[in-house]
Amino acid sequence: MVHFVGAGPGAPDLITLRGAELLRTADCVIYAGSLVNPALLGLTKEGCAVYNSAEMTLEQVLAVMKEQEAARHRTVRLHTGDPCLYGAVREQMDALDEAGIPYESTPGVSSFCGAAAALDAEYTLPGVSQSVIITRLAGRTPVPERESLASLAAHGATMVIFLSAGMLPGVQRALLEGAYTQETPAALVYKASWPEEKVVRCTVGTLADCGRENGISRTALVLVGDFLGRQYDRSRLYDPTFTTGYRQGTEG
Ligand code: SAH
């Protein structure tokens, strides 16, 4: 059996209890070494085979999984954050289906949640935005034209931009082509939850400059939107006048 496990954003104690238990009992761990905190490997039992997938191709990863499965071993495929975002897990799952190897997924804390925690921010503020757009700028992996950053920026919603910290001038340009202005609040969160975490608050107009000044060009998220500003409406859910399924309000 292969377990796809989310490692969380970096701090080793941000893996789930289930993920940690799978790591402790694994016979083999294949971890995404470019971003997964190697401290998590300290959980593995003696004799556990450990592979760094940053140095491997999909074919090599699959070969290890097949070899381990033939020995009836438990393999943990450890991905950064949550595997469902930019994790390249689908191609592994389809290949495992073809090989008749069973697998299961265990979610993790995505870095976009780690970044919100670093900022003490709420992405979905009433009266500001009720949507979070998770996207990236096209790099070596193309982005479909209908999902261009500029077109998504037209919504003015909360945006979380992955894999683009090395292209901040382009990010800034695309955001300004959308609904954001030079003054729209933005932030860069570098290595959320790692000891070297850096949080830089700026505006869309100063994004590229702030990235350069703070030496941030990788392993960072770009956060954009008025959720980083001061104005918002308070929630209906906790409004004393508002009746919910659990509480009688003072009105109606
Ligand atoms: N599956 C991962 C994302 C993998 S793509 C997740 O759920 O977080 C890799 C990109 O994620 C990086 O380029 C960076 O944009 C972002 N990232 C991953 N870990 C991060 C962290 N601790 N802090 C900030 N950004 C991070």
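Of the listed requirements (1) surrounded by 20 or more Cβ atoms within 10 Å (Cβ to Cβ); (2) under 22 Å from the mean Cα position of the chain (by Cα), residue 184 misses just one: (2). Exactly one residue among 73, 79 is modelled with pLDDT of 95 or more and within 16 Å of the ligand (Cβ to nearest atom), and that residue is 79.
Where residues in the range 125-140 are assigned to a loop (DSSP other than H, G, I, E, B) and among the polar types (S, T, N, Q), which of them is nearest to residue 112 (Cα to Cα)? Per the stated criteria, the residue is 131. Taken over the range 83-118, residues that are surrounded by fewer than 23 Cβ atoms within 10 Å (Cβ to Cβ), in a loop (DSSP other than H, G, I, E, B) and within 11 Å of the ligand (Cβ to nearest atom) amount to 8. Within the range 118-136, residues that are at positive phi sit with their Cβ atoms under 8 Å from residues that are surrounded by fewer than 17 Cβ atoms within 10 Å (Cβ to Cβ), at 6+ positions apart or across chains, in these pairs: 127/231; 127/232; 127/233. Considering each residue of the range 1-56, count those that are of a type in the set (Ser, Thr, Tyr) and under 20 Å from the mean Cα position of the chain (by Cα), and give that number. Adding up the residues that qualify gives 4.
Restricting to the range 208-252, give me the number of residues that are surrounded by 10 or more Cβ atoms within 10 Å (Cβ to Cβ), small (Gly, Ala, Ser), more than 20 Å from residue 132 (Cα to Cα) and assigned by TED's automatic domain parsing to the domain that holds residue 119. Write out each step before concluding.
Residues of the range 208-252 surrounded by 10 or more Cβ atoms within 10 Å (Cβ to Cβ): 208-214, 216-229, 232-237, 239, 242-244, 247, 249.
Restricting the remaining residues to those that are small (Gly, Ala, Ser) gives 208, 211, 217, 220, 225, 229, 235, 249.
Filter again for more than 20 Å from residue 132 (Cα to Cα), leaving 208, 211, 217, 249.
Narrowing further to those that are assigned by TED's automatic domain parsing to the domain that holds residue 119: 208, 211, 217.
Residues in the range 208-252 being surrounded by 10 or more Cβ atoms within 10 Å (Cβ to Cβ), small (Gly, Ala, Ser), more than 20 Å from residue 132 (Cα to Cα) and assigned by TED's automatic domain parsing to the domain that holds residue 119: 3 in total.
The values are calculated or read from the model by the stated rules, or taken from the named source; none is laboratory data. Just so it is clear, the structure is predicted and the values come from calculations on it, not from any experiment. A quick note on method: Cβ atoms are made from the backbone with ideal geometry, for glycine too, and the neighbour counts reach across all protein chains shown.
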